[in-house]
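Here, each number is a calculation from the coordinates, and none is a lab measurement. Everything numeric in this text was worked out from a predicted model, so none of it was measured. Glycine gets a Cβ as well: all are built from the backbone with ideal geometry, and neighbour counts include every protein chain shown.
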Amino acid sequence: GEDVEQSLFLSVREGDSSVINCTYTDSSSTYLYWYKQEPGAGLQLLTYIFSNMDMKQDQRLTVLLNKKDKHLSLRIADTQTGDSAIYFCAERRRGGSYIPTFGRGTSLIVHP
Amino acid sequence: NAGVTQTPKFRILKIGQSMTLQCAQDMNHNYMYWYRQDPGMGLKLIYYSVGAGITDKGEVPNGYNVSRSTTEDFPLRLELAAPSQTSVYFCASSYSIEQFFGPGTRLTVL
């Protein structure tokens with residue numbers, strides 16, 4: 001299977017919370033990232049969490065990390081139509097070239 | 001700072017033609033990367049560089065070449081274009097934790 005797995009689609013109503021999930025396989029991951037890609041654009045870092053943390057909150061965004069289950073989630077509170085984008089989970093492993101491994105991305109669709 | 005810039009934005013090639021995708025960054029980053037993005041497939045690493053004069057293969061290097069003669073520039077060369085190389089190509093650079101991405105080049109090979 002893939003090293004980093006995400007579901008491909010998520011549809012939510014404007015104003016609701018969105019939760020995007022990701023699982024990874026390497027327990028030596030040091031950093032875990034969420035990148036956002038808007039249509040026709042490159043990826044932009046949304047937030048990241050270091051592997052010794054369980055949670056990180058930044059305004060409407062909450063990242064939860066469960067190292068035992070190798071599970072990462074991104075919660076977006078009060079989701080807006082401007083949040084419609086593709087969200088990529090990525091992990092960076094210890095050692096080697098420190099190059100992140102990306103998931104396939106989750107398309108978040110926000111409807112009124 | 002302009003960040004990471006890529007040219008061209010769009011290109012259509014015929015099978016067998018060659019071209020160079022340009023990438024430049026003005027942040028003095030040591031690390032630079034080339035990815036391709038196919039629908040529903042995420043990002044696949046083609047080549048990367050840890051500094052001027054040093055390059056290495058990623059997951060999908062076949063059909064591509066790179067060079068890194070300066071810190072700023074990291075061009076990607078396609079020698080004999082094939083339909084399988086139809087994709088969106090992203091260049092990125094990094095210093096430590098975060099990668100910075102360019103806007104992408106959409107390439108179609110017919």
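Quick notes on this structure:
- Subset tally (residues that are within 14 Å of chain B (Cβ to nearest Cβ) and either farther than 14 Å from residue A:11 by Cα or out of contact with any strand residue (DSSP E or B) (no Cβ under 6 Å at 6 or more places or on another chain) (or both)) for the stretch A:70-93: 6
- If you filter the stretch A:1-23 down to residues that are crowded, with 17+ Cβ neighbours inside 10 Å and hydroxyl-bearing (Ser, Thr, Tyr), you find that the one that is nearest to the chain's Cα centre (by Cα) is A:23.
- Top-ranked residue in the stretch A:97-112 [being within 11 Å of another protein chain (Cβ to nearest Cβ) and farther than 16 Å from residue A:7 by Cβ; ranked as surrounded by the fewest Cβ atoms within 10 Å (Cβ to Cβ)]: A:97
- The set of residues from the stretch B:92-110 being within 11 Å of chain A (Cβ to nearest Cβ), assigned to a strand (DSSP E or B) and of a type in the set (Gly, Ala, Ser) comprises B:92, B:94.
- Selection from the stretch A:25-62 of residues that are more than 16 Å from residue A:105 (Cα to Cα), not in a loop (DSSP other than H, G, I, E, B) and not polar (S, T, N, Q): A:31, A:49, A:50, A:55, A:56, A:58, A:61
- Residues being among the hydroxyl-bearing types (Ser, Thr, Tyr) and crowded, with 16+ Cβ neighbours inside 10 Å - total across the stretch B:68-81: 1
- Residue match in the stretch A:39-61 (condition: closer than 30 Å to residue B:51 by Cα, crowded, with 20+ Cβ neighbours inside 10 Å and either away from chain B (no Cβ under 14 Å) or touching a strand residue (DSSP E or B) at 6+ places or on another chain (Cβ under 7 Å) (or both)): yes
- Pairs, first at positive phi in the stretch B:22-44, second surrounded by fewer than 22 Cβ atoms within 10 Å (Cβ to Cβ), C-beta under 7 Å, six or more apart: B:28/B:71; B:40/A:8; B:40/A:104; B:42/A:104
- Check on residue A:77, surrounded by fewer than 15 Cβ atoms within 10 Å (Cβ to Cβ) and of a type in the set (Gly, Ala, Ser): yes
- The set of residues from the stretch B:48-88 being closer than 15 Å to residue A:102 by Cα and more than 9 Å from chain A (Cβ to nearest Cβ) comprises B:59, B:60.
- In the set B:46, B:15, only one residue is over 28 Å from residue A:86 (Cβ atoms), in contact with a strand residue (DSSP E or B) (Cβ under 7 Å, 6 or more places away or on another chain) and either aliphatic (A, V, I, L, M) or assigned to a loop (DSSP other than H, G, I, E, B) (or both); that residue is B:15.
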